[in-house]
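Q: Here you go, one structure.
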Amino acid sequence: MRFRHRDGTLVHLAYCANVHPADDLPGVLDSLHRYAVPVRRRLGVPRLSVGLWLPRPVAAELAADPGALGRLRAALAAGGLEVVTLNGFPYAGFGRAVVKTDVYLPDWSDPDRLAYTLDLAAVLAALLPGDVVRGSVSTLPLGWAAWWDGERHDRARRHLDALSAGLADLERRTGRAVRVGLEPEPGCAVETTADAARLLSGVDTSRVGVCVDICHLAVEFEEPGEALARLDAAGLPVVKTQASAALHAADPRAARRRLEAFAEPRYLHQTRAHTAGGVRRVDDLPDALAGGLPGDGPWRVHFHLPLHADPPAPLAATRADLRAALAALLGGPAARTDHVEVETYTWTVLPGGGADLVGGIAAELAWTRAELVRLGLIEEDA
């Protein structure tokens, strides 16, 4: 869906297709037919933006084979779909039974991460609609902090420099601009916006910036306005925003039984406690429940919740943080981002399961559409 900001910026609202991951091109094409097209019809819009997730083998195939790329473009056009952003965070295997920390491999110290991201940028440049100024690719925030050291960081910075050069060359060859946003995430080398300001200093900000995942801000108890001001002060552009909400427990002891239902085995659910001494951190919700965090203050859990619905009481969603972040990004006189992507990839592991995926994605997009309109954006396809 497309919206016009008061400053004239064209803002795209998409949903991220990693919620229905596919490991090969036929699977990607099938998922568009089974999910994306029905979501568009459910919303009653003539076109829908989809943030594709293309695992490494698919990205390589599309970058090398014009015929394969043509089949994808034809499927998008036939379904009333468009692509302006890609999720380049997971490299492969996002649909496996256990993902956990494997999602951070290979990290930015590995040349395979650079090659993958450049392939994604090339594919995106070929998929961008003719009237769209630029595309975006989100990627992991350097790597998992427990594995990070000075040597890895030096290699990663060299790879980011090579990424910038590759993106500049892509624009010269194709006339299409693609920017990459590193996505601060709990537990990673770039965990917070303060880490981004410190560790990404000196990157080519015309090509590389930040992808703000609002769930991640909330988990770290970052106030959205302050976080965005920190990025502004560092000169780091918000090349993409992921509209997402975290799990909040005001009283973890009273909510223990409900929290246990969210401690599922597939994805990592980093958990943070807000204490008088600052934010306390553990790598996964089971670690917190086993005594890794104090229970006398609020917890927030990296578990992406449906944007339009509340979890079972006494748990809550960080929807107030989501609204505040969207207002800070798009409610002012100038748009501070132009790509907004709903990224609730956890529908299939929500307690109770059996979700109507098409209905759920459509409801999240409808909720976000209403928020953007409330902030004064005009829907162009309405």
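The values are calculated or read from the model by the stated rules, or taken from the named source; none is laboratory data. The structure presented is a predicted model; accordingly, all values stated were derived computationally and were not measured. FYI the Cβ positions are ideal-geometry reconstructions off the backbone, even for glycines, and counts take in every protein chain you see. These accessible areas exclude ligands, DNA and RNA; they are computed on the full protein's heavy atoms, side chains included. Shrake-Rupley method; radii C 1.70, N 1.55, O 1.52, S 1.80 Å.
Q: Just to be sure I understand, how many residues within segment 63-75 are touching a residue at least 24 places away in the same chain (Cβ under 8 Å), open to solvent by 10 Å² or more (accessible area, probe 1.4 Å) and of a type in the set (A, V, I, L, M)? Quick ask: steps written out before the conclusion?
A: Taking segment 63-75 first, the residues touching a residue at least 24 places away in the same chain (Cβ under 8 Å) are 63, 68-69, 71-73, 75.
Still in the list and also open to solvent by 10 Å² or more (accessible area, probe 1.4 Å): 63, 69, 71, 73, 75.
Those left that are additionally of a type in the set (A, V, I, L, M): 63, 69, 75.
Matching residues across segment 63-75 total 3.
Q: So, one more: Please tell me if Ala325 is among the hydrophobic types (A, V, I, L, M, F, W, C), over 18 Å from the mean Cα position of the chain (by Cα) and under 30 Å from Leu231 (Cα atoms).
A: Details: among the hydrophobic types (A, V, I, L, M, F, W, C): yes; over 18 Å from the mean Cα position of the chain (by Cα): no; under 30 Å from Leu231 (Cα atoms): yes.
Here the answer is no, as Ala325 does not meet what is asked.
Q: Right, another one. So which helices (runs of 4 or more DSSP H) stay within segment 173-257 end to end and still have 3 or more residues that are among the aliphatic types (A, V, I, L, M), closer than 30 Å to Leu365 by Cα and touching a residue at least 12 places away in the same chain (Cβ under 8 Å)? Step through it out loud before you land on a result.
A: Values: elements: 193-199, 214-219, 224-234.
Fully inside segment 173-257 and qualifying: 214-219, 224-234.
Q: List pairs: first residue in segment 50-62 and under 23 Å from Leu13 (Cα atoms) and at pLDDT 95 or above, second residue among the hydroxyl-bearing types (Ser, Thr, Tyr) and open to solvent by 40 Å² or more (accessible area, probe 1.4 Å) anywhere in the structure, Cβ distance under 8 angstrom, at least six positions apart or on different chains.
A: Pro55/Tyr91
Q: Step by step: first the residues of segment 342-361, then only those that are among the hydroxyl-bearing types (Ser, Thr, Tyr) and under 19 Å from Lys240 (Cα atoms), then the one that is surrounded by the fewest Cβ atoms within 10 Å (Cβ to Cβ). Which residue is that? Break it down into steps so the answer makes sense when it comes.
A: To start, the set of residues in segment 342-361 that are among the hydroxyl-bearing types (Ser, Thr, Tyr) comprises 344-346, 348.
Still in the running and under 19 Å from Lys240 (Cα atoms): 344-345.
Numbers: Thr344: 24, Tyr345: 22.
My answer is Tyr345.
Q: Pick from segment 279-299 the residues that are open to solvent by 30 Å² or more (accessible area, probe 1.4 Å) and not in a helix (DSSP H, G or I): which of them is farthest from Tyr345 (Cα to Cα)?
A: Asp296
For every residue, the table says whether it meets (1) touching a helix residue (DSSP H, G or I) at 6+ places or on another chain (Cβ under 9 Å); (2) surrounded by fewer than 19 Cβ atoms within 10 Å (Cβ to Cβ).
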position	(1), (2)
Phe94	yes, no
Tyr116	yes, no
Asp119	yes, no
Ala146	yes, yes
Asp149	no, yes
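Q: Here is a check on your reading of the model: is Glu364 in a helix (DSSP H, G or I) and open to solvent by less than 20 Å² (accessible area, probe 1.4 Å)?
A: Working: in a helix (DSSP H, G or I): yes; open to solvent by less than 20 Å² (accessible area, probe 1.4 Å): yes.
So Glu364 passes the test.
Q: Check every one of the strands (runs of 3 or more DSSP E) wholly within segment 1-104 and list those with 3 or more residues that are over 19 Å from Ser138 (Cβ atoms). So that I can check it myself, show each step before the final result.
A: On the way: elements: 2-4, 10-16, 48-51, 85-87.
So the answer is 2-4.
Q: Any residue in segment 367-382 that's free of Cβ contacts under 8 Å to residues at least 24 places away in the same chain: show its pairings with residues that are among the hydroxyl-bearing types (Ser, Thr, Tyr) and in a helix (DSSP H, G or I) at Cβ separation under 8 Å, as long as the two are six or more apart or on different chains.
A: Qualifying pairs under 8 Å: none.
Q: Being over 20 Å from the mean Cα position of the chain (by Cα) and farther than 30 Å from Val137 by Cα is the requirement here; does Glu260 meet it?
A: Working: over 20 Å from the mean Cα position of the chain (by Cα): yes; farther than 30 Å from Val137 by Cα: yes.
Here the answer is yes, as Glu260 does meet what is asked.
Q: If I ask for residues that are open to solvent by less than 20 Å² (accessible area, probe 1.4 Å) and either among the small types (Gly, Ala, Ser) or more than 13 Å from Arg6 (Cα to Cα) (or both), which ones from segment 318-331 would you list?
A: Filtering segment 318-331 down to residues open to solvent by less than 20 Å² (accessible area, probe 1.4 Å) leaves 318, 322, 325-326, 329-330.
Once the filter is applied, which keeps residues that are open to solvent by less than 20 Å² (accessible area, probe 1.4 Å) and either among the small types (Gly, Ala, Ser) or more than 13 Å from Arg6 (Cα to Cα) (or both), segment 318-331 yields Thr318, Leu322, Ala325, Leu326.
Q: Quick one: how many residues across segment 42-62 are surrounded by fewer than 16 Cβ atoms within 10 Å (Cβ to Cβ) and either on the phi > 0 side of the Ramachandran plot or touching a strand residue (DSSP E or B) at 6+ places or on another chain (Cβ under 9 Å) (or both)?
A: Final tally of qualifying residues: 1.
Q: For residues that are closer than 16 Å to Pro312 by Cβ, open to solvent by less than 40 Å² (accessible area, probe 1.4 Å) and in a loop (DSSP other than H, G, I, E, B), tally how many sit in segment 258-278. Spell out the reasoning first.
A: Taking segment 258-278 and keeping what is closer than 16 Å to Pro312 by Cβ, we get 258-264.
From what's left, open to solvent by less than 40 Å² (accessible area, probe 1.4 Å): 259, 262-264.
In the following step, the residues that additionally are in a loop (DSSP other than H, G, I, E, B) were identified as 262-264.
Looking only at that region, the number is 3.
Q: Moving on to the next point. Please name all residue pairs, on different chains or six or more residues apart, with Cβ atoms under 6 Å, provided the first residue is in segment 332-347 and is closer than 18 Å to Ala177 by Cβ and the second residue is part of a loop (DSSP other than H, G, I, E, B).
A: Ala335/His5; Ala335/Asp7; Ala335/Thr9; Asp338/Thr9
Q: Taking the options Gly292, Gly297, name whichever one is modelled with pLDDT under 95, over 20 Å from the mean Cα position of the chain (by Cα), more than 21 Å from Val210 (Cβ to Cβ) and not aliphatic (A, V, I, L, M). Can you show your working first?
A: Working: Gly292 fails: modelled with pLDDT under 95.
On inspection, the qualifying residue turns out to be Gly297.
Q: Please list, ordered by first then second residue, the pairs with beta carbon atoms under 8 Å, 6 or more apart or interchain, first in segment 296-309 and touching a residue at least 60 places away in the same chain (Cβ under 8 Å), second open to solvent by 10 Å² or more (accessible area, probe 1.4 Å) and of a type in the set (Lys, Arg).
A: Short answer, once both residue conditions are applied: Leu307/Arg319.
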